[in-house]
Amino acid sequence: PDGPIVRTQYGDVRGMYVKEGAIFLGLPFGVPPIGELRWKPPRAYNKTWAPGVRNGTAPGPACRQSGCKPNTPDYQHMCNRDKARTQSEDCLYLNVFMPRSVLNSAVRQPVMCYFHGGDYVFGTSSALVYDGRILANKTNTVVVTTNYRLGAFGFLVTGEGEDDARGNYGTLDEIEALKWVQQNIADFGGDKNKVTIFGQSAGSDSIAVLLTSDRAADLFHQVIMLSTPFSIPHKTRLEAIRLGNDVTKLVNCSVGDMKCLRSKSADEIIHADNEVSRYIADPFRLLELFLQWGPIVDGDVLPRQTIDSFAKGQFQRKPFIIGSVKEEAVLFIYEAINKPMSKIELDSAVLAFLRGKGPAVLHEYSPPQTSDYRPFLSQVVTDWVFGCPARNAIRNAAGGGDNDVWFYVFDHAFSFKTFWHRQPFCQGHVCHGEDIPFVFQTPLLVNLSFTPNEQVLADTIAYYYGNFAHTGDPNTPSWVVY
């Protein structure tokens, strides 16, 4: 076929032309983390496929997760794009989207590297909703989307011994992908000295971690964080070990027996993972509901709680944009509580959530009398988990005076109905994740149409992101620094 061919250090790879440029899917950036390498830090991909030409038109597998089976409905286009929706532990692959402008040009364009969300337990970079072709073309950047290990595969902790699972593998995968970008993106027309990382939800929590981790400091230059759940603490090593021991017992291994754990099938691990998340969901530890798995504070990859790092100014001074959506918590509250909530239930939920600050919060917000207090609880949780700590992080960043910071709130509820088919309570609301289809403009790839105003909104986002990726400033000339 006549797809574009790029010569890399590993051999030639053939992508496909699309009207916005060229796409390369399923490029390996790590040695498959399988067998003995399950629960080991990633190793840089080091093989060659020359003299053959690698097929870059098929996506790599998604990392193992529950859900996204071949026949489950996928209203949000978040499963792997291949028909079989392949999943595997061998999942360290990324995708590159080249804009038209770099195809026959020696000029290198800035890079935007995306980390997907999904609570650290689901998602894949090869989902159609994260297809980067339109964003790449409209911002004139080379867009990269990458996988990282999820759930127990990415974040299991069993102890701190040499052979123990020590967690943070998913985060190390993200760092490995950024190293790949440094070494290889020039082959795809990208400028490795102008890398913007961006992500949403767990992906933007990852970025908060990378901003505080010395291991990643030289691998990116600026940041866009969407819907970062700053208030949700990362587990300590002890808490993570407790979770790890539960998983270990559920697969019938004795605590600390890594040989036994590595002998279990991926399905057995996934099954244990699902079991363990079931019995933690105490409605009054709502926060655990959000982040069962994820980075742990290990003093190395993640030196301390990210919210503390931001409060103390211990993070890399790089230009960043923080965005959130207007009603972040509606999705989580209504999924967790599927019937109207009384005032008594509200009071106990707020007290459980906010511990000592509960009474003051109830007083501050003083909800009007109503038959269902879920909208009110959603507002409190939106402010507490996303809004306020994001503003605090920004104030701390801006207060230091060393880095430029911008802030925005996305408040458009979209016109197409299918996206929230499974979450009808999000219809007409600006739920967590609602900004993603506008950032990537992917409804256009799945036969959904924007209204003319929505197209303007999406193009405005691309305009700001593009300016930011190229110059470190989203405005030419009008959005004021926070």
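General remarks:
- Candidates 378, 449: the one that is crowded, with 22+ Cβ neighbours inside 10 Å, over 21 Å from the mean Cα position of the chain (by Cα) and not aromatic (Phe, Trp, Tyr) is 378.
- In segment 36-59, the residue that is surrounded by the most Cβ atoms within 10 Å (Cβ to Cβ) out of those that are under 28 Å from the mean Cα position of the chain (by Cα) and within 20 Å of residue 22 (Cβ to Cβ) is 56.
- Within segment 329-364, the set of residues being outside any helix (DSSP H, G or I) and under 16 Å from residue 231 (Cβ atoms) comprises 329 only.
- Qualifying residues in segment 335-375 (those that are touching a residue at least 12 places away in the same chain (Cβ under 8 Å) and among the β-branched types (Val, Ile, Thr)) - the one surrounded by the fewest Cβ atoms within 10 Å (Cβ to Cβ): 361
- Of all residues in segment 13-35, those satisfying the criterion of being buried (at least 16 other Cβ atoms within 10 Å of the Cβ) and not hydrophobic (A, V, I, L, M, F, W, C) are 14, 15, 20, 21, 26, 28, 30, 32, 33.
- Filtered residues of segment 60-73 (kept if surrounded by 18 or more Cβ atoms within 10 Å (Cβ to Cβ) and of a type in the set (D, E, K, R)): 64
- Residue match in segment 224-234 (condition: free of Cβ contacts under 8 Å to residues at least 40 places away in the same chain and not hydrophobic (A, V, I, L, M, F, W, C)): no
- Whether a residue is touching a residue at least 60 places away in the same chain (Cβ under 8 Å), within 15 Å of residue 43 (Cα to Cα) and of a type in the set (Ser, Thr, Tyr) was assessed, and residue 146 does not pass this test.
- Residues of segment 256-279 that turn out to be modelled with pLDDT under 95 and farther than 18 Å from residue 66 by Cβ, as a count: 1
- Scan segment 288-314 for residues that are surrounded by fewer than 22 Cβ atoms within 10 Å (Cβ to Cβ) and more than 17 Å from residue 232 (Cα to Cα) and the total you get is 5.
- Residues located in segment 222-271, provided they are among the hydroxyl-bearing types (Ser, Thr, Tyr), surrounded by fewer than 22 Cβ atoms within 10 Å (Cβ to Cβ) and not in a helix (DSSP H, G or I): 231, 236, 254, 265
- Residues in segment 121-167 that are in contact with a Pro (Cβ under 8 Å, 6 or more places away or on another chain) and on the phi > 0 side of the Ramachandran plot: 2 in all.
The values are calculated or read from the model by the stated rules, or taken from the named source; none is laboratory data. Everything numeric here is computed off the predicted structure, so don't read it as measured data. Here the Cβ is made from the backbone with ideal geometry for all residues, glycine too, and neighbour counts use every protein chain on show.
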